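Values in this text are rule-based calculations from the coordinates and carry no lab data. The structure presented is a predicted model; accordingly, all values stated were derived computationally and were not measured. Counting neighbours? That spans all protein chains shown, and the Cβs are built from the backbone with ideal geometry, glycine included.
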Amino acid sequence: MARSIRPLVAGNWKMNGLKSELAIAGAVATGCDAALRQAVDLAICPPATLLAALSDSLAGTGIATGGQDCSREASGAFTGEIAAAMLADAGARYVIVGHSERRTLHGEDDATVRAKAEAAVAAQLVPIICVGETRAEREAGRAVAVVCGQLAGSVPAASGAASLVVAYEPVWAIGTGLTPTAGDVAEMHVAIRAELGRLLGQEAASGVRLLYGGSVKPGNAAELMSVRDVDGALVGGASLVAADFLAIARACA
């Protein structure tokens, strides 16, 4: 399938991974042939404890790394927080912000997500801003309105295509094995692109990579990645299995 935007497949390891799991990334690098490297950008977002070691181990492979969250603050007396500049110093290129687990479990609102995205850009990281609706919101017919509202509140006003990635992850599909239909994904990604056009201007919006996330697996990746305005995937559990992660990446090539 011809693509106007180079795809990105990013793995979110979440709170999984000890030093022994660095071998997973090694297997991804070994299995990523020249054709795949030419066609798709790959990134792995491990726990912060592994970020520096993973970045070092992947140096020269073309596979990027990222953080799973960052502070809105640049530095200071914020025990337990990690600044965006610290992630960059550890070798990261990307950072996930606004994941539904952060929004739900840690009470992060759109303003917080936006501040974190701004901090990421200031540290020369690319924020992967997550948006998505709950099952109740979808069943009430509010899915598009909810997601577009999250975008309006979370995306920094001065963003350009090169400094922003958006990941649509319906909350009810994350880790459940459930996925929306290809039509549902298409409708949402078209709406996201249109909302970004309203927020950033059409030229900038046309180049923003829109990822789909939520129970992406080798078995459904080809269908999901063929949907209009889907420019890659944010992969959870499947990114912890090198063969599965590579299969999803190949579905984007």
DSSP loop chymotrypsin sites (Phe, Trp or Tyr not before Pro) in the stretch 74-177 with at most 13 other Cβ atoms within 10 Å of their Cβ, which ones? PHE78
Distance in Å, no decimals, from the C-alpha centre of the stretch 89-158 to the one of the stretch 177-216 is 13 Å
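Any idea what the dipole of the stretch 18-252 comes to, in debye rounded to 20, about its Cα centre with Lys/Arg Cβ at +1 and Asp/Glu Cβ at -1? Provide the component values of the computation, followed by the final result.
Numbers: 17 positive and 25 negative charges, 34 e Å.
So the dipole magnitude of the stretch 18-252 works out to roughly 160 debye.
Please state the relative contact order of the chain as a whole percent: Cα pairs under 8 Å, 6+ residues apart?
Values: 509 pairs, mean separation 54.6, N = 253.
That works out to 22 percent.
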Sequence-distant lysines (8 or more away, or on other chains) whose Cα lies within less than 17 Å of LYS217: LYS14
Whole-Hz Karplus couplings 3J(HN,Hα) for the stretch 71-84, θ = phi - 60° and coefficients 6.51, -1.76, 1.60, Gly and Pro as x, run 6, 6, 9, 6, 5, x, 8, 10, 3, x, 8, 10, 6, 4
Using a Förster radius of 45 Å, what is the FRET efficiency between SER226 and ALA74 based on their Cβ-Cβ separation? Nearest 0.05, please. 0.65
Between the modelled labels at ALA161 and GLN124 (7 Å from Cα along Cα→Cβ) the distance in nm is 2.3 nm
Per residue of the chain, what 222 nm ellipticity follows from adding -39500 (n - 2.57) for every DSSP H run with n ≥ 4, rounded to the nearest 500? -12500 deg cm²/dmol
Pick from GLY80, GLY183, GLY236: which residue has the top mean-square fluctuation in a GNM of the chain where Cα pairs under 10 Å get a spring? GLY80
